[in-house]
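Q: Dumping the structure here so I can ask a few things about it.
The values are calculated or read from the model by the stated rules, or taken from the named source; none is laboratory data. It should be emphasised that the depicted structure is a prediction, and the values quoted were computed from it without experimental measurement. Virtual Cβ from ideal backbone geometry, glycine too; neighbours counted across all protein chains shown.
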Amino acid sequence: MLLDQGHKKRGRTPIIRAAIVGATGYAGAELVRLLTAHPAVELNALTSRTYTGEFYESVYPHLTGQVGQTCREQDINQVVAGADVLFLALPHGLSVPWVVAAYQAGKKVIDLGADFRFRRRDIYEKWYKVEHTAPELLAVAVYGLPELYREKIRGAAIIGNPGCYPTASVLGLAPLLGQGLIDENRLIIDAKSGVSGAGRGLALGAHYSEVNENVKAYNIAKHRHTPEIEQELAAMAGVPAGTLKISFSPHLIPMTRGILATAYADLRDGVTIEEEVLREKYREFYAGEPFVKITGADVWPQTKWCYGSNYVFIGLTVDLRTRRVVVTTAIDNLVKGAAGQAVQNMNIICGFPETTGLTGPGIWP
C-alpha cells in the first residue's frame, strides 16, 4: 500500500496520510510523537472529544513546533475520506463504527482498543460487557503482534493492536508453548504496570496520593486482558481458544511507564532442560526480530531499559529444584504495549522497513 498523495513534509513527499482518532489520550499522544518523526507519514487528522478546536500543542506542550494542528471533531466520514491509515486510540466499544467505515472505504485501520483483538465474539462480549455490532469483521481482523503474525499482518485491512499486558505476557511465554516442555494448564503470570496504563482520565486510583509509596494488586482473576492472553497462548499451544486457562495477577506500581511481567511454568513430568539450552531456544525463536532482546544468565530485565522505546527484554531461568521455568519480560506499555507496536504494524502493512521511526533506544535515567 505505497501511496503518494503529493503533500510535502520537511521537503519530502510523504507516502501515506494518517489519522489518529482519540489523539489526546496517552496512547494517542505517543502516536503523535512517533509519527511526527516518521519520514513517510503526514498526520492528516487528530481528533479529540475533549479538546475539539484547541491547538494540539497547547494540550501537549512538549510537542511544540512538531505538530501545527488543531484537534478536530470526530466526524467519521470526513476523517476516513482524508486518510490512508487510521489509528484508533479509543476506549473499548467505540471503535466498531470507525472500523466498519474504514473497511468499506478500502482504508487500513489499526485499532489500539480491544474491539478487534478477539477471534470469538462471545469471549469479547463476556469480558467487556458490550455487544459487538460488527462480528463479521472479527474474521477479517488480524491480531497485531508482529513477532508471531507478521505475514498475516502484511496483507491485513484491520489490525487489532494487542494490549500492553498481553504483549509482554505472550512474548515471554510463546517459545515454551507447543513444545512438550511445560504443563500448559498451569501457567501463572504476575505483572506490574506503571500508572499511565490507566489512561489520562481522572480516576481516584491513579491520583498521586493513592499511588505514591504504594504497590497494589487489582482485578485479580478478572482482568480483561486475561482472555486475550489465553487466546494467544492457546493458539501457540495448538489448542482451541477458551480451553487454556491462566492465573493472571496485575499490579499497579508508582512509576509512569513500563510493564514487568513474570511468568511461571511447570516442566512436564519427565522433562529436564538446562537453562542455557532453553535460552538458546528463545534466541532461535526470536532470531532476526529487531525489537526482542534475550538477556544472558542472571541478567534480569528492567522497565527502565525500554523506557520510551519499542524494545522488549526477556530474561529466563530453569529452577530445577522446583522444576519450574521462570520468564521475566519488560516493555514500555505506551510504546511496544500500544503506540510503537501500532506504528510497527503500519510499517508492515504499508511496505515500509518494519523498524522505520522506531529504532531509538530507551531513555536513561
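Q: Residue check: is residue 74 crowded, with 17+ Cβ neighbours inside 10 Å, assigned by TED's automatic domain parsing to the domain that holds residue 46, of a type outside the set (A, V, I, L, M, F, W, C) and out of contact with any helix residue (DSSP H, G or I) (no Cβ under 8 Å at 6 or more places or on another chain)?
A: It is true that residue 74 is crowded, with 17+ Cβ neighbours inside 10 Å, assigned by TED's automatic domain parsing to the domain that holds residue 46, of a type outside the set (A, V, I, L, M, F, W, C) and out of contact with any helix residue (DSSP H, G or I) (no Cβ under 8 Å at 6 or more places or on another chain).
Q: Follow-up. Inspect all residues belonging to region 197-216 and state whether any of them is at pLDDT 95 or above, in the same structural domain as residue 270 (by TED's automatic domain parsing), within 30 Å of residue 103 (Cβ to Cβ) and touching a helix residue (DSSP H, G or I) at 6+ places or on another chain (Cβ under 7 Å).
A: no
Q: If you don't mind, there's one more thing I want to ask. Taking residue 103 as the residue in question, decide whether it is within 24 Å of residue 248 (Cα to Cα), out of contact with any Lys or Arg (no Cβ under 6 Å at 6 or more places or on another chain) and aromatic (Phe, Trp, Tyr).
A: no
Every residue, every condition in (1) part of a strand (DSSP E or B); (2) modelled with pLDDT of 95 or more, yes or no:
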| position | (1), (2) |
| --- | --- |
| 166 | no, yes |
| 171 | no, yes |
| 178 | no, yes |
| 240 | no, no |
| 248 | yes, yes |
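Q: Additional query: For region 165-179, does any single residue satisfy the condition of being under 26 Å from residue 16 (Cβ atoms) and of a type outside the set (D, E, K, R)?
A: yes
Q: Return the total of residues in region 333-357 being in a loop (DSSP other than H, G, I, E, B) and in contact with a Gly (Cβ under 6 Å, 6 or more places away or on another chain).
A: Going through region 333-357 one residue at a time, the tally reaches 1.
Q: Then there's this: For region 15-101, please list each of the helices (runs of 4 or more DSSP H) lying entirely inside it that holds at least 1 residues being within 16 Å of residue 200 (Cβ to Cβ) and either at pLDDT 95 or above or among the hydroxyl-bearing types (Ser, Thr, Tyr) (or both).
A: Per the criteria, 26-36, 56-59.
Q: Just checking, which of 272, 317, 256 is without any contact (Cβ under 8 Å) to a residue 60 or more places away in the chain, polar (S, T, N, Q) and part of a loop (DSSP other than H, G, I, E, B)?
A: 272
Q: Count, please, the residues in region 147-195 that happen to be in contact with a strand residue (DSSP E or B) (Cβ under 7 Å, 6 or more places away or on another chain) and more than 29 Å from residue 212 (Cβ to Cβ).
A: Final tally of qualifying residues: 20.
Q: How many residues are under 15 Å from residue 329 (Cβ atoms) and among the acidic types (Asp, Glu) when one looks only at region 264-302?
A: Qualifying residue count, region 264-302: 1.
Q: Quick one: which residue in 191, 156 is assigned to a loop (DSSP other than H, G, I, E, B) and either under 17 Å from residue 253 (Cβ atoms) or assigned by TED's automatic domain parsing to the domain that holds residue 30 (or both)?
A: One residue alone meets the criteria, 156.
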